[in-house]
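Comments concern the structure below.
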Amino acid sequence: MESRPTLNRKVGATVASTQSVPSVDAVKAALDGVHDPEINRPITELGMVKDVTVAADGTAKVAVWLTVAGCPMRDTITSRVTAAVSAVPGIRDVRVELDVMSDAQRTALRRQLRGTAEEPRIPFAEPGSLTRVYCIASGKGGVGKSSVTVNLAAAMADRGLSVGVVDADIYGHSVPGMLGTSARPTQVEKMIMPPAAHGVKVISIGMFTKDNTPVVWRGPMLHRALQQFLADVFWGDLDVLLLDLPPGTGDIAISVAQLVPTAEILVVTTPQRAAAEVAQRAGAIALQTRQRLIGVVENMSWLEMPDGSRNYLFGSGGGQVVADSLTRALGSDVPLMGQIPLDPQLRESGDAGTPLVLANPTSPASVVLRGIADRLATRSRGLAGRLLSVSPSAR
Ligand SMILES: Nc1ncnc2c1ncn2[C@@H]1O[C@H](COP(=O)(O)OP(=O)(O)O)[C@@H](O)[C@H]1O
Ligand SMILES: [Mg+2]
């Protein structure tokens, strides 16, 4: 894995050149005082210090393991390390190199943290977990992300799978309504029991806000909420967990990557060029988080006219464009998994709380949705084909 220096600061220029060069141990001792900004424990204790060298001219090189490539804390860590090591007498220059932990290192770190009960246990992130976790992502809202999520969930539950949905879309938590439930989760001891509808267990961010009032969710709050949904909700043995993510490429995608590194991404787009471009950006986040992109779903592809012809209301080709460009960007096949036609009944059934795949299983839109659900349900959860060699400092 490639790493590169990100900061190079001259310090201690006035220190006499006759002063002896400090030892590696002295530098490591200084690093004991550097806390990871998220976990708030010394980076030395977290196994985040990869290597320390001190050259004869007083230059210290410190290589640090980040937990994920998209780590938003890289600048903070770099400046904390630089400040701490600069303070060691005799150090004249500090160079910080960042690298990214492997899955095995992250697992070990999680285990270590859990041992001290600082980090809740997320069953889906366990090495032996058999639950497939899919994030449904889109560049913008209104493309049918939630409709696709609930229909895939209902179709898989209908096949006999045990399915859960996390509605993490802070901007429009619509999943419970589309599944026809307004039930609140109940609490048993420290466990949150999710309501179920049509055989699908569901937890929504909307269930935790008073009277559904909009809340300004900031990154860390959202991270903790998601962590709770994954760790404290009693899901039982799920075959599949779907996460309806907020549109865009924001914090929550990175949170998911940190909390469940094996989660895979499904991108929903409409056929429009403009929508395709934003969808592409949402998909490209996988490059940074090292998550696997399993495919693209084009929604609202056409309207079937009474004479059987197709009216391409929103243009055409967007889904294929996104699939092709993500395939190129990621260097692995990202297929267009289906094109869902416009169907007024899809909206009506969503509004009525019974997903279309159940309300009208043989409609053209249902057939496509069921086809995608079948593909997702029968994929093996193995890590074969996972993206393994992405430079951590890509952007
Ligand atoms: N294929 C479709 N045909 C007709 N209406 C659709 C289709 N897909 C989504 N809709 C409707 O479009 C609106 C937006 O869909 P929604 O799933 O809420 O999007 P998102 O979650 O991306 O914001 C909803 O009213 C939904 O019923
Ligand atoms: Mg939605």
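Readers should treat all values here as calculations from the given coordinates under stated rules, not as data from a laboratory. Small disclaimer: the values here were computed from a predicted structure and weren't measured. Cβ sites come from the backbone with ideal geometry, for glycine too, and all protein chains shown count toward neighbours.
List of remarks:
- Hz values of 3J(HN,Hα) by residue in the stretch 254-267 - Karplus curve (6.51, -1.76, 1.60), Gly and Pro given as x: 6, 4, 4, 4, 6, 7, 9, x, 8, 4, 10, 10, 10, 9
- Gain on full stretching of the segment that runs from Asp75 to Arg375 - 0.36 nm per residue minus C-alpha separation: 103.9 nm
- Length gained on full extension, Thr186 to Arg281: 30.4 nm, using 0.36 nm per residue less the C-alpha separation.
- Tilt relative to the chain, helix 273-289 - C-alpha long axis, 0 to 90 degrees, to 10: 40 degrees
- Taking every lysine pair in the chain that is 8 or more places apart or spans two chains, those with Cα atoms closer than 28 Å amount to 13.
- Compared with the dominant principal axis of the Cα atoms in the chain, helix 145-158 is inclined by about 70°.
- Sum of -39500 (n - 2.57) over DSSP H runs of 4+, divided by residues of the chain (222 nm, nearest 500): -10000 deg cm²/dmol
- For the pair the stretch 348-371 / the stretch 35-75, the C-alpha centres are spaced 50 Å from each other.
- Between the beta carbons of Arg224 and Leu303, assuming R0 = 56 Å, the FRET efficiency works out to 0.85 to the nearest 0.05.
- The H on the amide N of Asn299, modeled in the peptide plane, is under 5 Å from the matching H of Thr269, Thr270, Ile340, each at least 5 residues off or on a different chain.
- Helix 74-86 vs. the chain, principal-axis angle (Cα, 0 to 90°, nearest 10): 10 degrees
- The slack in the chain from Tyr171 to Thr327, taken as 0.36 nm per residue of separation less the alpha-carbon distance, amounts to 53.3 nm.
- Lys140-Phe234 FRET efficiency (beta carbon distance; Förster radius 41 Å; 0.05 resolution): 0.75
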